[in-house]
Every structure is written in structure tokens, then in C-alpha cells.
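The values are calculated or read from the model by the stated rules, or taken from the named source; none is laboratory data. All figures in this text were calculated on a predicted structure; none of them were measured in a lab. Glycine also receives a Cβ, built like all others from the backbone with ideal geometry; neighbour counts cover every protein chain displayed.
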Amino acid sequence: MKKTLIIVLAVVVIIGLWFWSSYNRLVTANEGVDGQWAQVETQYQRRLDLIPNLVNSVQGAMAQETKVFGDLAAARASYSGATTVDEKAAAATQVEGAFGRLLAIMENYPQLKSIDTVNTLMVQLEGSENRVSVERTRFNELVRNFNVTIKRLPTNIIAGILGFSQRNYFEAASGAEVAPVVDLVDEQTGDSVTGEVPATGETPVEIPVVE
């Protein structure tokens, strides 16, 4: 009888230790995702501030493209209203999708190459995408690791009991693995008007943010 009790107690202790260890591992992984999102958001806010400036600069020449502008405005509003990291990651993916469609449509408007503000903004957006891309990759790696962890047996049992669920990825728009550059080459001179992307730490040309 005493031997049976000892065995039962030993099993309970082992299960308790495993439960405690699994919980701590899940909390650490979850906090790691949230912490990396803070790094993403620091870089992404600059990009979000540049997008409405670009919209205001090209809207006159693209007045008939009401849908793409409406989609982009709705996506930005969704991001602004997001409160959790998962909601923000999903909303940022929506913003990138709408912005990617705008960039694609801009290629049909060669007259935009004569607008200095557009050229400057495209250079700054290219630089912002490079920095966002680095942090987004790190974020998505942590999200993948977390999602794999909570799917594996027997950790998925603990995750379900404690309310841990899959995290959202921050997905780039199609083609955004390359910095978003619109081909604005001057047809008369043959020179590129996109210029060089300011290196990290250099002061870019400032353009007032239009909300």
C-alpha cells in the first residue's frame, strides 16, 4: 500500500513538474513574439506615416482609381483600431496587400515620374521596407516556432487548457520580398529618379505626415 502511494505521488510530482515547465516555455515563447512585434512596429510606423503622403501625391493623377484608395484607407483604419499584437499583424498584412496593389497600378501612370514628391517618397518607402523586412522575418520565425510548439503532443494539451492559441504572421504583399520600387525612369534623360536609399542612421528628406 505504502509503495503504491509513493508511486502515485512520484507520478503526480513528475506531471506537475512537466506542467510547470511546459507553461513557462509557452509563456517565454509567447512573450518573445510580443517583444519582436515591438521591433517590427518601430520600423513599420515610419512606413505607415509615408503611405498617406504618397497617396496624396498621386491621387490627383489617379482620380479614377477609387477602389484601391478606398481599400488602402480601410486597411490603415483597421491597423489603427487593432489593439492586440495578433490583430495588428493581421491588419499590417492587409495594409501591405492594399499598398502592393497601389504600387502595381502606379506603373500605369508614367506622368508620376515628373512629381518630385513622389520620387522622394518612393526612395524613403524603399528604405523603410528594407528595415521592416528584417524585423518581419524575425517576427515570423518566432511565430512559426510558437505555433509548432503548441501543436505538438503533449504540449498542445497544456496550451489548450491554458488558453494559448496560434499567433498571426505578418505576411508581406506579393512581391514585397523585393523593396517596392515603381519604375520612374525619366524617358528623356534615361536617368533613374528613384535615387539612392538613405542608409540607416542617415537623415531622410522630411515630408509632413498627412493623416
Inset, instruction - Can you confirm whether the stretch 151-167 contains a residue that is touching a helix residue (DSSP H, G or I) at 6+ places or on another chain (Cβ under 7 Å) and charged (D, E, K, R)? - result: yes
Inset, instruction - State whether one or more residues within the stretch 56-69 are free of Cβ contacts under 8 Å to residues at least 12 places away in the same chain, assigned to a helix (DSSP H, G or I) and not polar (S, T, N, Q). - result: yes
Inset, instruction - Hey, can you tell me all the residues within the stretch 35-53 that are surrounded by 14 or more Cβ atoms within 10 Å (Cβ to Cβ) and out of contact with any Asp or Glu (no Cβ under 6 Å at 6 or more places or on another chain)? - result: GLN36, TRP37, GLU41, TYR44, ARG46, ARG47, LEU48, ASP49, LEU50, ILE51, PRO52, ASN53
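Of VAL210, VAL181, VAL193, which residue is surrounded by fewer than 15 Cβ atoms within 10 Å (Cβ to Cβ), modelled with pLDDT under 85, over 30 Å from VAL27 (Cα atoms) and of a type in the set (A, V, I, L, M)?
VAL210
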Inset, instruction - Return a yes/no flag: does the stretch 70-81 have any residue that is more than 30 Å from ARG138 (Cβ to Cβ) and modelled with pLDDT of 90 or more. - result: yes
